[in-house]
Each structure stands twice: as C-alpha cells, then as structure tokens.
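A short worksheet on the structure shown next.
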Amino acid sequence: MEINKQLLLKKRPVGLPDKETWKLTKTEVQEPKEGEFLVQCEYVSLDPAMRGWLNDVKSYIPPVQIDEVMRAGGVGKVVKSKNQKFKVGDYVYGQTGVQQYVITNGVGYHKVDPTLAPLPMYTGTLGMTGMTAYFGILEVGELKEGDTVLVSGAAGAVGSVVGQIAKIKNCKVIGLAGGADKCKYLINELGFDGAIDYKNDNIADKLKEYFPKGIDVYFDNVGGEILDLALSRLALHARIVICGAISQYNNTTAVKGPSNYLSLLVNRASMKGMVVFDYAKDYQTASMQMGQWMLQGKLKSKEDIYEGIENFHETFLKLFSGEKMGKLVLKVSEG
Ligand SMILES: NC(=O)c1ccc[n+]([C@@H]2O[C@H](COP(=O)([O-])OP(=O)(O)OC[C@H]3O[C@@H](n4cnc5c(N)ncnc54)[C@H](OP(=O)(O)O)[C@@H]3O)[C@@H](O)[C@H]2O)c1
C-alpha cells in the first residue's frame with residue numbers, strides 16, 4: 001500500500017509563519033475513479049503568494065482552509081489513470097498541493113515534456129512565475145524598446161525573467177537585490193546594466209545615478225520603502241507594475257503604502273496591479289516564445305531546488321530571508 005505524505009494547514013500564522021503553522025500527515029493513496037487519474041508529485045513550487053493564502057481575508061483566490069492540504073503548483077507523473085486525456089507515464093503541471101500524490105479529474109492540469117526542459121523549470125520560467133514576468137512587463141508595463149527599467153526582487157523567479165525580457169527588448173535594466181553576490185549575478189550572468197544592493201547601498205543616490213532622466217517602467221515585487229523611492233524618480237508617462245509586495249507580507253501592522261504617489265500626477269504616470277491567472281488563455285503562446293529565447297541563449301533560467309516534504313517550512317522561509325537564487329522549488333518525491 002502506497003503512503004501519501006501531505007502537508008496540512010494547522011493554524012493561521014501571525015507575522016512570519018512558524019513551524020506550527022503546518023502539520024505533516026500520512027494517508028493511504030486512494031484509487032482514481034472514472035474520469036480521474038493519480039499523479040505522483042515530484043516538485044512543488046514555493047511562492048511568496050502562499051503567505052497571502054494563509055490569511056482568512058477576501059483576495060483573488062480563497063484562503064487555504066485549516067486541515068486542508070497546503071495549496072501549491074506542482075509537477076509530477078501520472079501513475080494510474082481512468083481519464084482519456086491523461087495517460088500513465090504523462091508528466092503534468094497543476095495545483096497538486098504540497099503532498100506526494102494527488103487524484104484529480106484534470107481540470108487546471110496540462111501536460112509538460114521533461115525531454116524539452118527539466119521538470120522544475122515548469123514551475124518557474126516555463127510556468128507561473130515566467131508567465132507573470134512575461135505578461136507583467138510586456139502587457140501591464142507596456143514595455144517599449146529603449147525604455148529605462150527598474151525591477152525589484154531582481155534575482156528572484158519573476159524579477160530575473162522580467163529583467164532579461166527587458167534586455168531582449170533593448171531596454172536599460174537595473175535590478176534591486178539583497179547582497180553583493182546577487183548583484184554580481186544580475187550583471188555578469190543575466191546581462192543587467194546595473195544593480196542596486198538594497199541592503200547596503202543608498203537606494204535614492206543609486207537611482208539618481210542610474211536614472212538621470214527617470215524610470216520609464218518600474219516592475220515592483222517588493223512594495224514598501226522601495227516603491228516609494230521609485231515613485232520619486234519617475235520619468236514622464238512612466239508605468240509601475242504592481243506585481244507583489246513581499247516586504248509587507250508578514251507585517252503584523254498595516255501595509256505601508258506609498259506616500260510619494262503624487263509623482264503619478266506630476267509625471268502623468270500610471271500604477272497598475274496584475275494577477276497572472278488573467279492571462280491563462282495566452283500562456284501557450286508566451287511559453288513558446290520563452291522557450292525560443294532560451295534556445296537562442298537570450299533567456300537563462302535558474303532553479304534553487306531543496307529536498308524533502310519534511311523540510312517545507314525551513315525552505316519556505318528562504319523566500320523571505322532571500323537565502324536562495326532564482327525559482328525556489330521543493331522536491332517532494334522520495335528516492
Ligand atoms: N501578481 C501575480 O500574479 C504574481 C505572480 C507571481 C508572483 N508574484 C509576486 O512577485 C513577487 C516575486 O515573486 P517570486 O516568486 O519571484 O519570488 P522570489 O523573488 O523568487 O523570492 C522572493 C525574493 O524576495 C526578496 N525579498 C524578500 N523579502 C524582501 C524584502 N523585505 N524587501 C525586498 N526584497 C525582499 C528576496 O530576495 P533578496 O535576497 O533580493 O532580498 C527573495 O529571494 C512576490 O511579491 C510575489 O508575491 C505575483
């Protein structure tokens with residue numbers, strides 16, 4: 001009898017989630033019914049958004065309920081099937097949750113090809129975070145050739161792809177990241193034009209130096225103080241993409257909003273939020289384009305992979321400590 005290790009939400013956290021937020025349980029793997037199939041999950045995606053899904057508040061998606069399997073995107077292999085479309089041996093991506101097996105009717109699942117790209121990449125550059133970067137910078141940010149672009153969380157899953165797409169479009173790109181190593185990575189490996197170490201540099205001075213004529217597009221992954229500083233350096237008709245605000249996700253006090261917002265008025269600028277799921281119908285076109293850029297050597301993808309469903313909590317915290325590079329992924333299958 002196969003055993004399924006599952007990570008369930010045990011209690012709602014206040015601030016940074018502690019180890020007691022989740023509990024690991026074991027259940028027997030069930031048989032799929034007619035129309036269903038059984039997936040052996042291999043890798044799950046760890047995303048900052050998971051922190052928001054723990055709060056019992058109205059959002060773009062309902063919160064994870066207590067005793068429910070922790071929501072997560074994941075990739076795995078179909079091991080039993082009573083579904084015409086998904087056969088044994090197929091590899092799939094879907095909302096598997098943080099567990100080793102899942103039974104599904106296939107809604108929201110699609111096939112992925114491990115011979116074209118490594119499986120973890122389908123959670124990142126060729127998956128949700130890559131799609132966020134693509135539609136965020138090109139559609140929401142209305143990127144134009146020659147724009148000056150600032151991106152925060154630049155060494156992360158979304159930010160690293162945003163910056164590289166902007167370089168492909170011949171823009172000047174500056175990234176904000178925590179620490180000298182990440183800044184060197186942005187310039188030397190990803191081809192950014194400059195980087196700001198937000199933990200050690202004077203951000204306002206660096207923005208003045210890098211953007212003498214102002215920022216055309218600011219892709220915001222972090223919110224808070226950095227958003228405020230970017231607002232004070234906008235060019236005429238600038239666009240700000242509100243993708244995320246990781247600096248605020250574990251706040252126990254109110255979210256810090258921007259006080260420099262009148263810069264939008266002065267510069268006839270706009271600030272627009274986005275949710276990647278709104279672009280689902282166009283994912284395939286975008287992934288084909290991303291795949292092509294990869295084959296041409298114009299787009300690099302980096303995954304930081306940890307192992308063991310038991311290590312979910314400490315791995316998840318790396319999103320907030322920054323002790324990771326690129327897309328954070330957890331291998332949940334054993335052996
Ligand atoms: N709107 C959407 O549809 C959508 C979809 C996906 C993701 N997102 C958002 O996009 C953002 C990036 O997500 P991701 O998956 O690419 O995560 P990620 O950037 O791979 O990981 C998070 C990174 O954020 C940085 N960080 C953590 N705390 C910070 C703080 N207080 N101030 C500044 N930086 C901090 C850390 O890097 P450093 O070492 O550089 O600090 C960390 O590595 C998140 O805000 C996420 O919620 C939105």
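Just a few scattered comments:
- Scanning region 286-317 for residues that are closer than 25 Å to I165 by Cα, free of Cβ contacts under 8 Å to residues at least 60 places away in the same chain and either touching a Leu at 6+ places or on another chain (Cβ under 8 Å) or open to solvent by less than 90 Å² (accessible area, probe 1.4 Å) (or both) yields a total of 2.
- The strands (runs of 3 or more DSSP E) found wholly in region 124-201 and carrying at least 3 residues that are more than 17 Å from L227 (Cβ to Cβ) and open to solvent by less than 50 Å² (accessible area, probe 1.4 Å) occupy 194-197.
- Unique match (being hydroxyl-bearing (S, T, Y), more than 15 Å from the ligand (Cβ to nearest atom) and over 22 Å from S270 (Cβ atoms)) among T125, T115: T115
- Among residues of region 43-65 that are closer than 27 Å to E334 by Cβ, those with a Cβ under 7 angstrom from a residue that is in a helix (DSSP H, G or I) and near the ligand (Cβ under 8 Å from one of its atoms), sequence gap 6+ or separate chain, pair up as S45/M128; L46/L319; P48/I246; P48/L319.
- Output for region 26-54, where each listed residue is polar (S, T, N, Q) and open to solvent by 40 Å² or more (accessible area, probe 1.4 Å): T27, Q30, Q40
- Residues within region 202-232 that are open to solvent by less than 10 Å² (accessible area, probe 1.4 Å) and over 24 Å from I168 (Cβ atoms), tallied: 3
- Test result for S152, within 10 Å of the ligand (Cβ to nearest atom), in contact with a strand residue (DSSP E or B) (Cβ under 7 Å, 6 or more places away or on another chain) and within 19 Å of K298 (Cα to Cα): no
- Tally, over region 181-193, of residues that are touching a strand residue (DSSP E or B) at 6+ places or on another chain (Cβ under 7 Å) and either away from the ligand (no atom under 15 Å from the Cβ) or within 22 Å of M288 (Cβ to Cβ) (or both): 1
- Residue in region 157-180 that is more than 21 Å from H237 (Cα to Cα), among the β-branched types (V, I, T) and more than 10 Å from the ligand (Cβ to nearest atom) present: yes
- Taking first residues from region 122-145 that are of a type in the set (D, E) and partners that are open to solvent by 10 Å² or more (accessible area, probe 1.4 Å) and more than 8 Å from the ligand (Cβ to nearest atom), the Cβ contacts under 8 Å between residues at least 6 apart in sequence or on separate chains come to E139/Y279; E142/R239; E145/K169; E145/N170.
- Meeting the requirement of 3 or more residues that are under 29 Å from E323 (Cβ atoms) and within 16 Å of the ligand (Cβ to nearest atom), the strands (runs of 3 or more DSSP E) wholly within region 1-105 are 37-45.
- Filtered residues of region 70-82 (kept if crowded, with 20+ Cβ neighbours inside 10 Å and in contact (Cβ under 8 Å) with a residue 40 or more places away in the chain): M70, G73, G74, V75, G76, V78
The values are calculated or read from the model by the stated rules, or taken from the named source; none is laboratory data. Since the structure is predicted, the reported quantities are computational estimates derived from the model, not experimental observations. Don't worry about glycine lacking a Cβ; one is built from the backbone with ideal geometry, like all the others, and counts go over all protein chains shown. Protein only, heavy atoms only, side chains kept; ligands, DNA and RNA dropped before computing areas. Shrake-Rupley method; radii C 1.70, N 1.55, O 1.52, S 1.80 Å.
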